[in-house]
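Note sheet for the following structure.
Values in this text are rule-based calculations from the coordinates and carry no lab data. It should be emphasised that the depicted structure is a prediction, and the values quoted were computed from it without experimental measurement. Positions of Cβ are generated from backbone atoms using ideal geometry, with glycine treated the same way; all protein chains shown enter the neighbour counts.
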Amino acid sequence: MVGPKNYWMKKSQSGHLCSLPAICRFRVGISLLVLFSILMILLGCGSTGIVWPQTYRGRVVDANTVEPLEGAVVAIVWYKRPFITMNGPAYFHSATEGFTDPNGEFAVNGSPGIILNPFTSIEERPYIAIFKPGYGPFPVAHLRERPLDEMREAMLKEGVVVKLPKLQTQQEMRSYGGPANMRIPPDVPYEEIPNLIRLINIHRKLAGLTSSIGKPTQ
């Protein structure tokens, strides 16, 4: 006859007996706690769970004439970093590009997107470059009427006017012959920012440089 005590005993997968009210329920509780913790990380950290759309707005004009600059590229690049090495290196995550319209205006959805690894965090701020061949790029050569951080924040709110100076000599143009000259990290894959690379190559020709960067585009 099976007594009350034996009734609550069950073999585990390893073949050992465990008490359902005690050991087995304890194991289930630990598993649920781990799952709950991961869920809280996903929902509580915007950088690891659902990321809301972030639209960057502004208007790009000639710094001297204040005329709108059509066809300037706006590149937004995000990086990520493992939680366990927050002081370690960051890695490329995603990139988005857009162009200014005939009024020089842009509205680019620069959301970093979703990252599924709960132990990785997206950097708080993206790298942003605004560029048109023959002009000094943002954020290194624009007319600085406001602090850079303030301009980035304004792009997510009311928008900001970005004034790019017309470069006068080929020597000036050669200072901006690659993404790194616009503070875009050098390890960003060129295929992720094809429009920026295409305009840079146009700019390089204007600067008298015979070589191109990246793969030829159609």
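So the values come out like this:
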{"read-out": "Mean Cα-pair separation over length for segment 87-218, i.e. relative contact order, pairs under 8 Å, 6 or more apart, %", "value": "25"}
{"read-out": "Cα gyration tensor category, rounded, prolate or oblate, for segment 54-168 with a/c compared to 1.5", "value": "prolate"}
{"read-out": "Charge sum, other residues only, whose C-beta stays under 11 Å from Arg81's C-beta, Lys/Arg counted +1 and Asp/Glu -1", "value": "-1"}
{"read-out": "Positive-end extreme of charge dipole, segment 110-188 - chosen from Met173, Thr120, His142 (charges on Cβ)", "value": "Met173"}
{"read-out": "Over 29 Å (Cα to Cα) - which of Lys157/Lys205; Lys80/Lys205; Lys163/Lys205 fall in this group", "value": "Lys157/Lys205; Lys80/Lys205"}
{"read-out": "Using θ = phi - 60° and Karplus 6.51 cos²θ - 1.76 cosθ + 1.60, couplings along segment 101-114 (whole Hz; Gly, Pro as x)", "value": "8, x, 8, x, 8, 9, 8, 10, 6, x, 4, x, x, 8"}
